[in-house]
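Chemist: So that we are looking at the same thing, I have put the structure below in structure tokens.
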């Protein structure tokens, strides 16, 4: 697993989580895992069901919200934002590298919390993530009905 990279007290992002990572994540204090990676995106990646089974054993919450970066919709951002608001914290969101989750979080901040897109991009860059596509994507999604 790559990461976790802490965005704030409520959320961190990481690369693919395997069942064997869950106990360590629990010991780090995470209470919820959000998986934004579709099953079978790459050969050999752990199935969502296998990670969920381990989170159940550890007494953690698990949400599976598969998202494809090139097709992120307003609905995807809304679902992610609502999941984050309702989840026990801290939350670890994961995908292949963490970028997709960071993008979803950033979009949710711009669309629902009135964050500055450029400030989100700059903060992400400080954390090692390239979200230069965020401002244009936020504009596109906000224009959707």
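The values are calculated or read from the model by the stated rules, or taken from the named source; none is laboratory data. A quick note: this is a predicted structure, and the numbers were derived from the prediction, not measured. Because the Cβ atoms are built from the backbone with ideal geometry, glycine has one as well, and the counts that use them run over all protein chains shown.
Chemist: So which residues in region 19-34 are closer than 21 Å to residue 128 by Cβ and either touching a helix residue (DSSP H, G or I) at 6+ places or on another chain (Cβ under 9 Å) or buried (at least 18 other Cβ atoms within 10 Å of the Cβ) (or both)? Quick ask: steps written out before the conclusion?
Modeler: We begin by selecting, within region 19-34, every residue closer than 21 Å to residue 128 by Cβ; these are 21, 24-25, 28, 30, 33-34.
Passing the criteria: 21, 25, 30, 33, 34.
Chemist: Is region 133-143 home to any residue that is closer than 17 Å to residue 14 by Cβ and either assigned to a loop (DSSP other than H, G, I, E, B) or modelled with pLDDT of 95 or more (or both)?
Modeler: Filtering region 133-143 down to residues closer than 17 Å to residue 14 by Cβ leaves none.
No - not one qualifying residue is present in region 133-143.
Chemist: Right, something else. Residues of region 108-132 being part of a loop (DSSP other than H, G, I, E, B) and over 26 Å from residue 16 (Cβ atoms), which ones?
Modeler: Within region 108-132, 113, 114, 115, 116 meet the criteria.
Chemist: Which helices (runs of 4 or more DSSP H) sit wholly inside region 1-107 and have at least 1 residues that are farther than 30 Å from residue 145 by Cα and at pLDDT 95 or above?
Modeler: Hits in region 1-107: 22-27, 48-58.
Chemist: On to the next question. Which of the residues belonging to region 37-47 are in contact (Cβ under 8 Å) with a residue 12 or more places away in the chain and farther than 15 Å from residue 20 by Cβ?
Modeler: Selection gives 37, 38, 39, 41, 42.
Chemist: Being without any contact (Cβ under 8 Å) to a residue 24 or more places away in the chain and over 22 Å from residue 85 (Cβ atoms) is the filter; apply it to region 98-134 and report the residue that is surrounded by the most Cβ atoms within 10 Å (Cβ to Cβ).
Modeler: Result: 121.
Chemist: Here is a check on your reading of the model: is residue 69 within 15 Å of residue 13 (Cβ to Cβ) and touching a helix residue (DSSP H, G or I) at 6+ places or on another chain (Cβ under 7 Å)? Before the answer, list the steps.
Modeler: Numbers: within 15 Å of residue 13 (Cβ to Cβ): yes; touching a helix residue (DSSP H, G or I) at 6+ places or on another chain (Cβ under 7 Å): yes.
In short, yes.
Chemist: Moving on. Sort out which residues of region 97-134 are closer than 18 Å to residue 79 by Cα and under 13 Å from the mean Cα position of the chain (by Cα), and write them in order of number.
Modeler: Answer for region 97-134, where residues must be closer than 18 Å to residue 79 by Cα and under 13 Å from the mean Cα position of the chain (by Cα): 98, 99, 100, 101, 102, 103, 104, 105, 106, 107, 108, 109.
Chemist: State which residue pairs qualify: first residue farther than 17 Å from residue 16 by Cβ and inside region 48-62, second residue outside any helix (DSSP H, G or I) in any location, beta carbons under 8 Å apart, and separation of 6 or more residues or different chains.
Modeler: Filtered contacts from region 48-62: 56/62; 61/31; 61/32; 61/33; 61/87; 61/88.
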